[in-house]
Amino acid sequence: MHSFCGIDEAGRGPIAGDLVVAGCVLKSPIEGLNDSKKLSEKRREALYEEIIKNSAYHIVKFSAAQIDKEGISLCMKSALQEIMQTLTCKEYLFDGNSAFGVSGLQTMVKADGKVPEVSAASILAKVTHDRNIIKDAKIYPEYQFEKHKGYGTALHVEMIKKYGYCDIHRKSYKLKALEKTLFD
């Protein structure tokens, strides 16, 4: 049994792409870990490889269709439970302020910038999320996913207005910018 597992997610907020939740138990210290959003893409990629080699980890993904069917909260809860069942530890710490109803899970706001295991999980989740959306960008080039990573930017909203939704869009997410044009 490991002593401590850090958990973080990437892709909870975007309107397209996968939700990715990662749990990580570090086997040895890794230099330069931080909140994945504060690192350059090149640095995240290098640290990702180092984390893979120096940890026990588990990554859970939910597609846009699964998120639309189950809801984001149930997907988060399922992912957290799966990680806790897969990586047996004495303690689990999830970045944020909600445990999504999962018992035995501690939470801490901004843990991804303070706790190495959570930073590592943050990097695993973000790199996995971004690699997946870059693959999707090749399938659906008109949406320019490589630029906005699925977030509801002005460019992304314009592409949806022009082309409609594709298979990786979360149709259950309501966008004020789209509602105006659809119902005016």
No Cys partner within the rule (Cβ under 4.7 Å), the chain:
Cys24, Cys75, Cys166
Could you name the lysines in cross-link range of Lys42, using Cα to Cα under 25 Å and dropping any fewer than eight places away on the same chain?
Lys27, Lys53, Lys61, Lys110, Lys114, Lys126, Lys135, Lys138, Lys147, Lys149
Hey, what does the equivalent ellipsoid look like for the stretch 1-60, semi-axes from the Cα gyration tensor as sqrt of 5 times each eigenvalue, largest first, whole Å?
21, 16, 9
Which aspartates and glutamates does Lys37 reach when only Cα atoms under 18 Å apart count, and residues fewer than 8 places away in its own chain are ignored?
Asp8, Glu9, Asp18, Glu45, Glu49, Glu50, Asp95, Asp112, Glu117, Asp130, Glu146
Rounded to the nearest 0.05, FRET efficiency between Glu142 and Lys90 (Cβ-Cβ, R0 35 Å) equals 0.10
Compute the length gained on full extension between Ile52 and Val109: take 0.36 nm times their separation in residues and subtract their Cα-Cα distance, giving the result in nm to one decimal.
18.1 nm
Per residue solvent-accessible surface (Å²) - the stretch 1-150, probe of 1.4 Å:
46 Å²
Mind sorting out which of [x] 12.4; [y] 15.0; [z] 10.6 is the real mean projected area of the Cα convex hull in nm² computed from the coordinates?
[z]
Quick one: with all protein chains in place, what share of the accessible area of the stretch 1-125 is carbon or sulfur, to the nearest percent (1.4 Å probe)?
48 percent
Can you figure out the FRET efficiency of Ser28 with Leu74, using R₀ = 45 Å and their beta-carbon distance, to the nearest 0.05?
0.80
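The values are calculated or read from the model by the stated rules, or taken from the named source; none is laboratory data. Here the structure is a predicted model, which means the values were calculated and not measured. Ideal geometry is used to build each Cβ from the backbone, glycine not excepted, and the neighbour counts take in all protein chains shown. Accessible surface areas use protein heavy atoms only, side chains included; no ligands, DNA or RNA. Shrake-Rupley method; radii C 1.70, N 1.55, O 1.52, S 1.80 Å.
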